[in-house]
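Report on the structure given below.
The values are calculated or read from the model by the stated rules, or taken from the named source; none is laboratory data. Just so you know, these numbers come straight off a predicted model, no measurement behind them. Reconstructed Cβ throughout: ideal geometry from the backbone, glycine too, with neighbour counts over all protein chains shown. Ligands, DNA and RNA are stripped out before the accessible areas are found, and what is left, the full protein with its side chains, is counted by its heavy atoms. Shrake-Rupley method; radii C 1.70, N 1.55, O 1.52, S 1.80 Å.
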Amino acid sequence: MKIKRAAFFVNPLAGYGGIRNNKGSDNLHLKSIDESVSIKRAIEFLEGIKCRNIEFIVPNGPMGSTEMDNAGLKYTISYYPENPTTSRDTINFVRSAIEADIICFVGGDGTARDILLSGANLPALGIPAGVKMYSSVFSMNIRHAIDVFDDACREGINFMDAEVADINEEEYRQGILDIKRFGTLKVPDSSGMIISSKAEYPASSAFDIAEYIIDHMNKDFYYVIGPGTTCKAITASLGFHTNMLGFDIIRDKKLIIMDAGENEIYKYVDSGHIEIIISVIGGQGFLLGRGNQQLSRRIIKKAGFENICVISSPEKLSGIKGLATDIDDDDIHIPEFIRVLTGYAQFKIMRINF
């Protein structure tokens, strides 16, 4: 199928809770449009696409037409949302754009759920901007979204079923992870799309990894321990039981900060004596940009990949061809290969493909 008419919209709130350590955006409100994470991503996507002569259908204002104006694209407005926008506006807009060949959206899992609830049955291309990102309806990153969209416009593309999944944010903030599947959307059949939802694996080697990390801790360093079962085996081995989905800061094997936010992490990164320990997301292979948005661009740039330690159970890596990042900054140097700790003094070299 060749795309001739595309619906496009933005969830202005998507991703807003990540850097604020809120683990979601459902209960937040933008103080200013300038604070929106997703609007910046939307403009980057629109400015990057080469197929600019197709018909775009958008909602009015920051949910669509504002970004189109910024990117210099022509469009037709089919819906006028409330201010601030809500999930009802997503549902109403999608229904208003039923004649489109595809709906491109900038958002997260909640946005994908709203598209599903609209019942419009339109193929979708998700440009990732959310905090949780458990669905498989999104491109790997903005660059891949641009490529997928241009291919669909120029040459046509087939579609496949992709899963829409989400979690309860209130439980998530308490460290309870309960993933629910809500249905499927048709998405482009392309290597630029995420092919599976996030998956959980038994961390069979987690405590071997934790023992190795602890044995090699420098008492003068701050250790920023990321989310997930594998990472939390480190804090548990030190006798601390913290939020499974947050970042903790350790020094001299003592807990300094539990569930640290971006500002707190940056303060310790700026000290120059730091190691950031993160794990690979099961099923997707992401290192940065998904599920750990507390690690902002300025933190990653300041710390450098040489001070990031990646850990993973062998089971997670067995089904992954390469690792991925989703970082909006060309100034950050991402190495082609990275060493992943998979057991006590056991490492595997993995390529970072994206």
Neighbourhood net charge (12 Å Cβ-Cβ; Lys/Arg +1, Asp/Glu -1) for residue 234
-3
Report the FRET efficiency, 1/(1 + (r/R0)^6), for residue 332 and residue 191, where r is their Cβ-Cβ distance and R0 is 30 Å, rounded to 0.05.
0.80
Order of exposure, largest accessible area first, which applies to 5, 181 with probe 1.4 Å
181, 5
Need one number: nm distance between label points at residue 2 and residue 143, each 7 Å from Cα along Cα→Cβ, rounded to one decimal.
2.8 nm
On the first, second and third principal axes, largest extent first, how far apart are the outermost C-alpha atoms of the stretch 81-125 in Å?
28, 20, 16
For the stretch 64-105 and the stretch 198-274, compute the distance between their C-alpha centroids and round to whole Å.
42 Å
Quick check: pseudo-label points 7 Å beyond the Cα along Cα→Cβ at residue 255 and residue 95, how many nm apart are they?
4.8 nm
Set 4/316; 4/186; 2/301; 254/321; 253/302 screened for pairs whose C-alpha atoms are more than 28 Å apart
4/316; 2/301; 254/321
Cysteines of the chain without any disulfide-compatible partner (other Cys Cβ under 4.7 Å) are 104, 231, 309
With the cut-off at 1.5 for a/c, could you classify the stretch 239-305 from its C-alpha gyration tensor as rounded, prolate or oblate?
oblate
On average, how much area does the Cα convex hull of the chain cover when viewed from any direction, in nm²?
16.2 nm²
Compute the accessible area per residue over the chain, keeping the other protein chains in place, probe 1.4 Å, unit Å².
43 Å²
Could you put 248, 208 in order of accessible surface area, largest first, with the 1.4 Å probe and the full protein assembly present?
208, 248
The stretch 246-354: mean projected area of Cα convex hull, nm²:
6.9 nm²
